[in-house]
Amino acid sequence: MRMQLAVAALCVGAAIPAGAATIVVDAGGGGAFTTIQAAIDDAGTVAGDIIEIMGTGKSVGDAADYAEIVTVSKAVTLRGINNPIVEAPVVAGPYAGGRAFRNVGVVQIASDDVTVEGLLIKVNAPYAGWGVLAADAAGSNALIVPATGPFDNLVIDGCTIWPQIAIGPVPARTAGGSAAFDLYRVRGMRLDSNNGTVIEEVTVRNTTITYTDDGGNDLRTKLPGNVAKIPQIFGRGMSISDVKANIINCDVTGFVQDIHTDFLNAPLLVQGTTFRCAGLEMSGLNGAGDAFVTGNTFSPEFVLVDDNGDTVSGTDQYPFQNAILVKANNSSNGVFIEDNTFYTQARGVYSTAAQNVIVSGNTFAVSETTRNDNWVDGTFIHVDVDRAWPQTCCSGSIADSEIRVSGNDFQSTTMLVDGNPVSGIGVRFAFINSIGALGYNPTINDSDTSICGNNFDASLIAIMNDDATTDLSGEAVDPQPLPNIQASDNWYGGVPNVDGATVAGTVSTNETTQAVDFALDSDYDGLKDVFELCVSGTNPFDKDTDGDRIEDRIEVLFPGQGLDPLVPNVYTDNDNDGLPAAIDSNDNDPDSDGDGVADSTEVALGTDPDSAASKPGIGDVNDDGTIGFDDGLDILQVFLGLKARGDLVAPQNIDVNRDGAEDNVDGVIVINYFLGNIPAVPFPFKPPAPPVI
């Protein structure tokens, strides 16, 4: 469930077990223990205890308070007080231990139900490979990532992780391997379930991962040119494999990717996070959960400088820039890229061999590059199949063009090729038959490809549907037939499409005469009109298009449960709240969390029906957190003209039954809820039943 996933993640780890002990660790001797590991290992420390780790208010360039590798083998909370720095101890020799250090974490998770709060973790290359390492034993990657143990319900909250790059000459590769390079591959966090039967859940929130050099200098905005030329040494900010991951309100930097997911066989939520460098790569989406990337900012801030501090330019100087790369999604589940802001140096969204991708409600603000490379050409969205690796996805048919682009704002772009400004591209389709280069022969299914209801700046080539005769390495390949892209109801900044100046290689129909209003939701169902028109195909003037008494938004959110907003569903709903039992955590109570708002309404409006701390504001016009008699009275007074709408603290909450009218019915519903005549608001919970004919 998308909305439950988003909000429930915010509440994980908040409860403290009754009777939990607080254990103080102070390197200066002011606590029961002087090392973190000693506190964890002590026989008196049990599940549910809180270990407070005292710091001295240091920052990244300072020496560690705790020079130790910490293995958390009990279900405890590690809570940093006053910025304690934890750092792996330095070992003898400049690169002692070789490749083994790639698989060492400063904080290693070896238990379920662990919470880590407020720690400052330094990954001092080349002595450790990860800031936080969590890896289960079973699975195909067990030889790559050592087993630390189970780690279900892991919470990382309010931490700062500093992977450090050792600036200087790079050792030569060792014979038969790349051990020397691995010494430099420092990374922030690895979460790897490696378990075929149990999918661990992890929440990372309010956490910063930012690279430094070995002098403690922040490399988030500068990267010395002498290491920029060696991409093998760059690490990932966060690596996720087979984990149900909730990444919320974080700030992440990585030079291969900021965040990388692989073999993702579980739901993924990335929300409210800032990506500073090489973006988000989602690979091998295997179909056991949707991926939601929503409300994030992609804003690469780094520049490359040489040893003299001068800006470096040239084809090979930038890490490969895709703000989002979606690769090899063969599942029936969706990849939802919604409500993000992109400030990219090459491409915003790059979709390759990925089906069921929805790109909606995003702002593409700037796309800059100085690279002389027609594959990285100031394109906001680029769709192709060329980089679909055959070992992960691509035998037989590839539905690579199953991508829907709607409700996005494509703003002006600046692009320099050989120093000359050229027009940027809003959406580019380039399909290649790469049988010679990559050993597979894909076929294209373009039945669900559409570009609808977007605003394109007049400076852009809005849509380019082109052929390609070389792959990314420059090898000649056979071009694929161009797909039949459906482009409709877009705004092209008022520029007529003359000789393909705005739309090239496809036909654009029903062009709008004014900019699309992305905020409009005529039926108040939580689905914007442009989404209903262009993506879901539902009626933007009816909450329940198919008349089965399940709101459109709920059916859109749960395609994996057999729900379809265009086909009436037969379902069980014991509590009659409009939420089918298959997706209702408590089907015997229309208001599972007792917060006064019906479960189905919470799902439709994006709050958590299982948490009273998370609820929509409907009915609470005085904004005091409850729905009371005074709210109902205020609504009735506004309807009767005894009070002005503007006198209410939260007038936007008047329309309790979400029918688009602020009237006496809303006030009557609220008062009846207060009197106990109805179990929750709104009432009735379901859309009206269709008339019997």
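Some notes on this structure:
- Residue 100 vs. criteria modelled with pLDDT under 95 and either touching a helix residue (DSSP H, G or I) at 6+ places or on another chain (Cβ under 8 Å) or open to solvent by less than 20 Å² (accessible area, probe 1.4 Å) (or both): no
- Members of the stretch 641-663 that are in contact (Cβ under 8 Å) with a residue 24 or more places away in the chain, of a type in the set (A, V, I, L, M, F, W, C) and over 15 Å from residue 674 (Cα atoms): 648, 649, 650, 654
- Restricting the stretch 268-313 to residues that are within 12 Å of residue 242 (Cα to Cα) and modelled with pLDDT under 80, the residue that is most open to solvent (accessible area, probe 1.4 Å): 286
- Residue 597 being under 29 Å from the mean Cα position of the chain (by Cα), surrounded by 24 or more Cβ atoms within 10 Å (Cβ to Cβ) and within 20 Å of residue 674 (Cβ to Cβ): yes
- Just so you know, in the stretch 506-565 the residues that are in a loop (DSSP other than H, G, I, E, B) and among the aromatic types (Phe, Trp, Tyr) include one that is surrounded by the fewest Cβ atoms within 10 Å (Cβ to Cβ), and it is 541.
- Matching residues in the stretch 647-678 - criterion: being crowded, with 17+ Cβ neighbours inside 10 Å, of a type outside the set (Lys, Arg) and closer than 15 Å to residue 523 by Cα: 655, 656, 657, 662
- Verdict on residue 79 being charged (D, E, K, R) and modelled with pLDDT under 65: no
- Here residue 681 passes the criteria (1) buried (at least 17 other Cβ atoms within 10 Å of the Cβ); (2) farther than 15 Å from residue 524 by Cβ except the one numbered (2).
- When residue 123 is tested against (1) assigned to a loop (DSSP other than H, G, I, E, B); (2) open to solvent by less than 20 Å² (accessible area, probe 1.4 Å); (3) modelled with pLDDT of 80 or more, only condition (1) is not met.
- The single condition among (1) modelled with pLDDT of 75 or more; (2) out of contact with any Pro (no Cβ under 9 Å at 6 or more places or on another chain); (3) crowded, with 18+ Cβ neighbours inside 10 Å; (4) not in a loop (DSSP other than H, G, I, E, B) that residue 113 does not satisfy is (4).
- Whichever residue in the stretch 1-25 is assigned to a loop (DSSP other than H, G, I, E, B) and touching a Gly at 6+ places or on another chain (Cβ under 9 Å) and, among such residues, is modelled with the lowest pLDDT: 16
Results for (1) surrounded by fewer than 17 Cβ atoms within 10 Å (Cβ to Cβ); (2) not small (Gly, Ala, Ser), shown as yes or no for each residue.
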| position | (1), (2) |
| --- | --- |
| 34 | yes, yes |
| 39 | no, no |
| 42 | yes, yes |
| 50 | no, yes |
| 54 | no, yes |
| 64 | no, no |
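- For the stretch 607-644, a residue qualifies if it is under 15 Å from residue 665 (Cβ atoms) and surrounded by fewer than 21 Cβ atoms within 10 Å (Cβ to Cβ), and the qualifying residues are 633, 636, 637, 639, 640.
The values are calculated or read from the model by the stated rules, or taken from the named source; none is laboratory data. For clarity, every value in this text was computed on a predicted model and none was experimentally measured. Note: ideal-geometry Cβ built from the backbone for every residue, glycine included; neighbour counts use all protein chains shown. Areas reflect the complete protein model, heavy atoms only, side chains present, ligands, DNA and RNA absent. Shrake-Rupley method; radii C 1.70, N 1.55, O 1.52, S 1.80 Å.
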